[in-house]
Amino acid sequence: MKKLKQCLIVLLFVTTSSFASAEVGDKAISFALPNLLSESEEIQMKDYDDGLVLLNVWASWCKGCKKEMPFFHKLGKKYKQDKFTVVAINIDNKSKKAKGFLDKLNNKLDEQAEITFVYDKKKSMPKAYEAKAVPFSLLIKNGEIIKTYLGSFDENNEQDLIHDIEAALK
Amino acid sequence: MKEILIVLTLLILSGCTHVAPYEKEGLATQKMLSAPMTTRSSFDSHVFPIREGSFGAESGFSGGCGCK
């Protein structure tokens with residue numbers, strides 16, 4: 001009885017750390033979420049089952065997330081013909097702030113960002129993937145995760161992502 | 001008695017919770033900064049080391065009276 005009590009106490013301290021986060025080789029988690037810019041339009045993961053997708057989770061309150069958006073735009077534009085898409089899932093509590101940031105981004109780029117923006121108010125995707133950081137990104141080929149990235153991209157690791165995309169497109 | 005203490009301790013500990021990175025929107029606001037007023041923070045960073053006698057604890061510090 002005493003041992004059982006001790007086990008129960010230990011179990012109480014074992015938290016969600018036992019859940020595994022996204023790993024290479026896992027199937028991408030399906031979703032059906034509204035388009036951030038046109039909420040009547042629904043975007044689903046299965047729309048990208050036969051292509052290469054960079055799935056990125058971002059928020060307008062995250063500086064690193066905002067900083068890497070112009071880079072994602074460049075990638076989306078460069079590899080558009082190769083069935084490559086950047087799907088950026090926004091997790092703000094209110095979509096207004098994210099839309100405000102996108103307006104500024106489009107003005108800065110002088111064109112519409114070549115990124116598909118999805119709105120996940122309930123944060124279901126980072127929860128499902130057990131995200132260990134924001135931003136985080138997954139490279140998904142034909143519905144399977146082929147690479148995971150924690151944190152934002154900068155001049156030090158942008159080339160790594162380009163290399164991974166080009167390797168996956170071969 | 002021992003059981004009550006364990007339950008109470010666990011109840012108190014339940015107030016400590018892990019905040020997932022994707023749930024930190026409230027913590028990422030300006031008002032959560034230790035020095036939320038940017039104009040004041042440069043003044044504070046000049047005065048604080050002098051007042052606390054903690055020279056060099058922050059970034060570079062060149063000494064002085066803290067009056068400039």
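A short reminder: the numbers here are calculations on the coordinates, not readings from a lab. This is a predicted model, so every value here is computed, not measured. Because the Cβ atoms are built from the backbone with ideal geometry, glycine has one as well, and the counts that use them run over all protein chains shown.
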From the Cα centre of region A:54-70 to that of region B:1-17, the distance in Å is 39 Å
So for R0 = 41 Å, FRET eff. of A:Leu169-B:Ser14 from the Cβ-Cβ r, to 0.05, ends up at 0.25
For the pair A:Asp160 and B:Phe48, the simple spin-label estimate (label points 7 Å beyond Cα toward Cβ) gives in nm 3.2 nm
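On alpha-carbon atoms, Rg over Rh for chain A using Kirkwood Rh?
1.05
Among the listed pairs A:Lys67/A:Lys132; A:Lys96/B:Lys24; A:Lys46/B:Lys24; A:Lys27/A:Lys63, which have their C-alpha atoms separated by more than 21 angstrom in this model?
A:Lys46/B:Lys24; A:Lys27/A:Lys63
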Here region A:81-89 yields Karplus 3J(HN,Hα) values (6.51, -1.76, 1.60; θ = phi - 60°; whole Hz; Gly and Pro given as x) of 5, 9, 6, 10, 9, 9, 10, 9, 9
